[in-house]
Amino acid sequence: MGTVVIISATPQAGSWAWAQTTALMVPVIALVGVYITFTLNQRAARRERRSKTFAEALTAVEEYLEMPYRIRRRPASPDARRELTDQASSLLARMAFHHAWLQIEASKVAEPYAALVAAARSEAGVHMSEAWQQPPIDTDSGMNLGTAYPRARSNSARATCIEAMRQNL
């Protein structure tokens, strides 16, 4: 008599089938996809946060460079003088804060930012002293000062700082 061979559609105990491999691979691939998405989102969020920090640091310097114009256009009152000096002090504190923050968060940007702050303080400081020596403007037509205060050093330092910031992003 012949031997009868029975072929079973189900795998034998201890053997591995493609269905089991697929059942394991799908969650692994999904987890890898989630990890990659999370990593890219975190990277984009860090870049956006850093960009905002850089913009705020540059804004503080720009506001400081605008102080001679504010002083020149001041109303003739003790309160206005006090407010302007408070604003200048606040801007100096903000620039110091941003410099410290950049030393911690983006050390390669801290030195160019410090150079920008030094140039702005040097140029705007002289212009503020000159502006305080001028009489307060009391007419609308006087608000147009006619000429801009020169700030070539600040502009050059800003360009260098912005380039460092771009490279750091």
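The values are calculated or read from the model by the stated rules, or taken from the named source; none is laboratory data. Because the structure is a prediction, the values reported are computed rather than measured. Here the Cβ is made from the backbone with ideal geometry for all residues, glycine too, and neighbour counts use every protein chain on show. Quick note on the areas: whole protein, heavy atoms, side chains included, nothing else; ligands and nucleic acids left out. Shrake-Rupley method; radii C 1.70, N 1.55, O 1.52, S 1.80 Å.
Here HIS98 fulfils each of the conditions (1) part of a helix (DSSP H, G or I); (2) in contact (Cβ under 8 Å) with a residue 60 or more places away in the chain; (3) open to solvent by less than 40 Å² (accessible area, probe 1.4 Å) apart from (2). Restricting attention to the range 106-135, the residues that are open to solvent by 20 Å² or more (accessible area, probe 1.4 Å) and within 15 Å of the chain's Cα centre (by Cα) add up to 3.
Within the range 40-59, residues that are touching a residue at least 12 places away in the same chain (Cβ under 8 Å) sit with their Cβ atoms under 6 Å from residues that are open to solvent by less than 80 Å² (accessible area, probe 1.4 Å) and outside any helix (DSSP H, G or I), at 6+ positions apart or across chains, in these pairs: ARG47/LEU169. Going through (1) more than 27 Å from GLN167 (Cβ to Cβ); (2) of a type outside the set (Ser, Thr, Tyr); (3) open to solvent by less than 60 Å² (accessible area, probe 1.4 Å) one by one, TRP16 falls short only on (3). Please work out which residue is surrounded by the fewest Cβ atoms within 10 Å (Cβ to Cβ), limiting yourself to the range 138-169 and to residues that are touching a Lys or Arg at 6+ places or on another chain (Cβ under 7 Å) and closer than 21 Å to GLN103 by Cβ. Of everything passing the filter in the range 138-169, LEU169 is surrounded by the fewest Cβ atoms within 10 Å (Cβ to Cβ).
Could you please let me know if MET1 is over 13 Å from the mean Cα position of the chain (by Cα), modelled with pLDDT of 80 or more, open to solvent by 60 Å² or more (accessible area, probe 1.4 Å) and more than 30 Å from ALA159 (Cβ to Cβ)? When the stated conditions are applied, MET1 does not pass them.
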